[in-house]
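Have a look at the structure below, then the notes.
The values are calculated or read from the model by the stated rules, or taken from the named source; none is laboratory data. What you are looking at is a predicted structure, and each value in this text was computed from that prediction instead of being measured. Positions of Cβ are backbone-derived with ideal geometry, glycine not excepted, and every protein chain shown enters the neighbour counts. Ligands, DNA and RNA are excluded from the accessible area calculation, which covers all protein heavy atoms including side chains. Shrake-Rupley method; radii C 1.70, N 1.55, O 1.52, S 1.80 Å.
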Amino acid sequence: MPPDLTTLDIVAFVWFVGSWVGFTITQDHLLTGRNVLNQHLRIVRRYWIERMLERDNRILDSQLFGHTMHSCTFFASTNMLVLAGLIGSFGAAERAQQFISNLSFAVQTSPQLFEIKMLLMVVIFTFGFFKFTWALRQYNYCCALIGSAPMPPVPQDDRKEIARTIGEALTLAITALNGGIRAYYFALAALVWVIGPIPLILASSGVVLVLTRRQAFSATEKVIRVQTQWLERNDSTKMK
């Protein structure tokens with residue numbers, strides 16, 4: 001173990017991991033049915049697929065779908081560049097450690113602890129890469145599902161069932177994409193560890209607060225919630 005690894009460093013690292021894992025589990029698994037952005041969009045995607053099944057011309061749908069796939073490809077490519085840079089920096093770890101140590105706001109660390117902090121960044125971006133590539137594969141699976149969707153007219157019960165399955169598959173792909181993007185946020189928090197363990201704790205908490213606000217209390221959430229409520233209200237009216 002590095003000689004300058006303190007108990008506070010260990011607590012800060014555990015807090016960092018706990019914040020990331022706790023937010024992910026809460027956001028992706030425990031908030032089903034709650035008024036948060038991702039849950040609204042889950043409903044919106046289902047209605048999107050229902051409208052697609054009513055159209056003969058699905059060029060617009062393919063363009064919208066392709067846009068999200070391009071975003072995923074962009075993040076995966078960028079992630080690889082960052083990961084290559086981080087791995088390459090281990091060849092000059094001593095000079096990088098000296099440069100960081102000379103900064104007035106950075107804590108003095110041993111080469112061993114500095115390498116651990118760098119390794120944490122590598123692990124984070126490796127995790128992000130796996131998330132992005134898994135999302136891209138799921139998008140390809142969704143392409144097959146959309147391509148196999150029947151042409152109109154589709155009976156209402158069949159339309160709703162197909163929309164539910166394709167919409168859920170699309171949601172799984174976007175959940176993986178969100179997990180990769182989330183890694184970028186927490187990578188920024190991990191970078192603050194060079195300043196000290198207390199800043200790492202504050203940065204981890206700050207990332208959770210920012211992501212929570214955007215999911216549940218942002219202007220975007222309010223707008224999409226209104227649209228979601230209108231879609232559900234309009235759908236219930238048609239069924240009467």
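Taking only protein heavy atoms and a 1.4 Å probe, the accessible area of the range 38-232 is 68% carbon and sulfur. For the range 182-240, the dipole from Cβ point charges (+1 on Lys and Arg, -1 on Asp and Glu) about the Cα centre works out to 260 debye, to the nearest 20. Counting 0.36 nm for each residue step from L30 to L8 and taking away their Cα separation leaves a gain of 4.9 nm.
Please get the size of the charge dipole for the chain, origin at its Cα centre, with Cβ charges of +1 on Lys and Arg and -1 on Asp and Glu, quoted in debye to the nearest 20. Before the final figure, lay out the partial values.
Working: 22 positive and 16 negative charges, 147 e Å.
My answer is approximately 700 debye.
For S101, the accessible area of its heavy atoms, probed at 1.4 Å with every protein chain present, is near 20 square angstrom. Extension gain for the segment R55 to D158, taken as residue separation times 0.36 nm less the Cα-Cα distance, is 35.6 nm to one decimal. Compute a Gaussian network model of the chain, connecting alpha carbons closer than 10 Å, and tell me which residue from I166, I201, I100 fluctuates the most. Answer for the Gaussian network model of the chain: I100. Here's the list of aspartates and glutamates a cross-link from K131 could span, going by alpha-carbon distance under 16 Å and ignoring same-chain residues fewer than 8 apart: D28.
Over the chain, the pair-distance histogram of Cα-Cα distances with 5 Å bins from zero comes to 1, 6, 11, 14, 15, 14, 11, 8, 7, 5, 4, 3, 2, 1, 0 percent, rounded to whole numbers.
After finding the eigenvalues of the alpha carbon gyration tensor for the range 117-231, what semi-axes result from the square roots of 5 times each, listed largest first in whole Å?
Details: eigenvalues 278, 82, 9 Å².
The three semi-axes for the range 117-231 are 37, 20, 7 Å.
Here the Karplus relation 6.51 cos²θ - 1.76 cosθ + 1.60, evaluated at θ = phi - 60°, turns the backbone of the range 146-158 into coupling constants of 5, x, 8, 5, x, 7, x, x, 10, x, 4, 5, 5 Hz, with x for every Gly and Pro.
In whole angstrom, the range 13-92 maps to an equivalent ellipsoid with semi-axes of 34, 24, 5, each derived as √(5λ) from the alpha carbon gyration tensor and ordered largest first. Taking the Cα of M1, stepping 7 Å toward and past its beta carbon, and measuring to each backbone N in the range 107-151: which are under 14 Å? Under cut-off, by backbone N: 113.
With respect to the chain, whose longest principal axis is taken over its alpha-carbon atoms, helix 197-216 is tilted by about 10°. With a Förster radius of 25 Å applied to the beta-carbon distance between W15 and F99, the computed FRET efficiency rounds to 0.40.
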